Amino acid sequence: MLSKIIWTCAAIFLLIAVTGTGTALTNQEQLGKNLFFDENLSEPKGQDCAACHAPGVGFTGDNSSINQHGAVYEGAVPGRFGNRKPPAAAYAGASPILAFAGKIWTGGMFWDGRATGRMLGDPLAEQALGPFLNPLEQNLPSANEVVARVSSSSYNTLFNTECGAATSTQAKYDCIGRAIAAYERSPDVTSFTSRFDNGTLTPQEKNGLLLFRGKAKCDRCHTSKGKMPLFTDYTYDNVGIPRNPENPFYNEPAFNPMGAAWIDEGLGGFLNSDMTYFNVARTEIGKEKVPTLRNVAKGSCEAGYIPCVTKAYGHNGYFKSLNDTVHFYNTRDVLPVCGGVKNNPGVDCWPLPEIGLNINMKEVGDLGLTPSEEADIVAFLKALSDTYTAIPP
C-alpha cells in the first residue's frame, strides 16, 4: 500500500513538472495560449510571441547567440530588429494604468510605458497587441488581418466562443489582447513556484535575501515583502546602464535614421511624444521600467541549467550575467571609467551611462558590498526561478 501511495505521488509530481500546476485553463486563458504560440500571426509566417518570450527561460529571449551580443531579437522580416531586449512576459499582470503617483510614474507596459492601459483599462492587454502590428516584430498590416487569421485558425471555435459577441473588428482585436493577457496571468505563466515561494532557501540564499532587503537596497524597487511578491514596484528608473554597442537597431536606417547616434530615452521619450504628458518628460528621460526579478536566472548557464542559455540583462542587454549586473549596481560610482564603449576584459571599470540625465544616485552605484555579499545576492536571485515550464498547446 505504501509503495502504491509513493508511486501515485511521484506520478502526480511528474505531471505537474511537465504540464504546470495541473490547474486547467479557462476558455479565455486557453485562447490566449493558442494565440501566444501561433506562428501564423506574423508576416511572413513563422514568428509567434514565444519567439521573444520563451517559457523555458522565464518568458524572455532564449537565444544565447543573440543574448551574448546585441540582445535585441529579429522580427518576422529577416534583418529587421527592434531597439530593446525582450522583457519577461510573466508576472506583469498587476501593472496599473500609467499614472503619476506623487513624485514617481508607475504602471504601463513595455520598457518605456507606451502601453499605458488608458485604451483598454489593462496595460498588459494593450502590450499584447503591440507586436502584431509592429513592422519590427510580427509585421502584420492591420488589426483586420490579425482577426482574419485567427478566425481561420484551428482554434477558431474557441475564438468565436470568447470573442464572437464583439460587434467590430477593433472589438475582436481587443478581445485577442485580453485573452493573451489572461494567459500571461494564468498559473501556466505566472505560477509562484520558486524555492523562495516554497520556503526552501539555503543559508547563502537567506543571507542574500537579507542583503537584498537591507544593505543592497534592491527591495526599494524590486519589492520582496508581502504574500507572493512580484519583485517589482512597476516604477521607472535610470540606473546608468552603458549603451550596448552591438544593438542592431543602430543599423536599422529605415526605422532609425539617427543610426549610432540614437539614444534610448525610455519613459521620457514616450512622454515627450504624447501631448498629454510632454511637458513633464524631461525628468523621466533615460528611465526604463523596473522589471520583475522572478525567473531572472531561469534556464541560464550561470544558474546551472542543462540545457542552458546565456541570458542578457538590462533594457538593452548590456550585461551577460547576474554577477556582472549585481557588481555594476554595487560599484558603478567607485570604479574608473573604461576608455572604450565596452567593459575591458580583465579590467574592473565601467563605461559611461547611455543617458546621463536622471540617474539614480541614492540606491545604486556605491553599495559597499563585499564580493561574498554580491555572491549571496546572486544566489538568492537564482532561487526565484519557477520549477516548471509551460508547454505550447
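Anything in region 96-118 that is surrounded by 13 or more Cβ atoms within 10 Å (Cβ to Cβ), assigned to a loop (DSSP other than H, G, I, E, B) and either β-branched (Val, Ile, Thr) or without any contact (Cβ under 8 Å) to a residue 40 or more places away in the chain (or both)? List them, or say none.
Here is the first cut: in region 96-118, the ones surrounded by 13 or more Cβ atoms within 10 Å (Cβ to Cβ) are 96-100, 104-118.
Checking which are assigned to a loop (DSSP other than H, G, I, E, B) leaves us with 96-98, 107-108, 110-114, 116-118.
Of everything in region 96-118, those that are surrounded by 13 or more Cβ atoms within 10 Å (Cβ to Cβ), assigned to a loop (DSSP other than H, G, I, E, B) and either β-branched (Val, Ile, Thr) or without any contact (Cβ under 8 Å) to a residue 40 or more places away in the chain (or both) turn out to be Ile97, Leu98, Thr116, Gly117, Arg118.
Return a yes/no flag: does region 143-158 have any residue that is of a type in the set (Phe, Trp, Tyr) and not in a loop (DSSP other than H, G, I, E, B).
Restricting attention to region 143-158, the residues satisfying the condition of being of a type in the set (Phe, Trp, Tyr) are 155.
After this cut, where a residue has to be not in a loop (DSSP other than H, G, I, E, B) as well, the list is none.
No; the residues of region 143-158 include none that is of a type in the set (Phe, Trp, Tyr) and not in a loop (DSSP other than H, G, I, E, B).
I'd like to know if region 363-377 contains one or more residues that are of a type in the set (A, V, I, L, M, F, W, C), closer than 25 Å to Pro245 by Cβ and surrounded by fewer than 19 Cβ atoms within 10 Å (Cβ to Cβ).
Taking every residue of region 363-377 in turn, none turns out to be of a type in the set (A, V, I, L, M, F, W, C), closer than 25 Å to Pro245 by Cβ and surrounded by fewer than 19 Cβ atoms within 10 Å (Cβ to Cβ).
How about region 224-251: which of its residues are buried (at least 20 other Cβ atoms within 10 Å of the Cβ) and among the charged types (D, E, K, R)?
Once the filter is applied, which keeps residues that are buried (at least 20 other Cβ atoms within 10 Å of the Cβ) and among the charged types (D, E, K, R), region 224-251 yields Asp237, Arg243.
Determine, yes or no, whether Tyr250 is free of Cβ contacts under 8 Å to residues at least 24 places away in the same chain and under 20 Å from Glu288 (Cβ atoms).
On the way: free of Cβ contacts under 8 Å to residues at least 24 places away in the same chain: yes; under 20 Å from Glu288 (Cβ atoms): yes.
So Tyr250 fits the description; yes.
Working only within region 65-95, note down all residues that are assigned to a loop (DSSP other than H, G, I, E, B), aliphatic (A, V, I, L, M) and crowded, with 18+ Cβ neighbours inside 10 Å. Can you show your working first?
So the first thing to find is which residues in region 65-95 are assigned to a loop (DSSP other than H, G, I, E, B), and the list is 68-73, 75-80, 82-95.
From the residues that got through so far, the ones that are aliphatic (A, V, I, L, M) too are 71-72, 76-77, 88-90, 92, 94.
Within region 65-95, Ala71, Val72, Ala76, Ala88, Ala89, Ala90, Ala92 qualify.
State all residues of region 49-64 that are without any contact (Cβ under 8 Å) to a residue 60 or more places away in the chain and in a loop (DSSP other than H, G, I, E, B); if no residue qualifies, say none.
Scanning region 49-64 gives a single hit, His53.
In this structure, does Glu74 turn out to be acidic (Asp, Glu) and touching a strand residue (DSSP E or B) at 6+ places or on another chain (Cβ under 7 Å)? Give the steps one after another, and end with the answer.
On the way: acidic (Asp, Glu): yes; touching a strand residue (DSSP E or B) at 6+ places or on another chain (Cβ under 7 Å): yes.
In short, yes.
Evaluate the following for Asn256: is it of a type outside the set (D, E, K, R), surrounded by 21 or more Cβ atoms within 10 Å (Cβ to Cβ) and modelled with pLDDT of 95 or more?
On the way: of a type outside the set (D, E, K, R): yes; surrounded by 21 or more Cβ atoms within 10 Å (Cβ to Cβ): no; modelled with pLDDT of 95 or more: yes.
No.
The values are calculated or read from the model by the stated rules, or taken from the named source; none is laboratory data. What you see is a predicted model, and the numbers here were worked out from it, not measured in a lab. Here the Cβ is made from the backbone with ideal geometry for all residues, glycine too, and neighbour counts use every protein chain on show.
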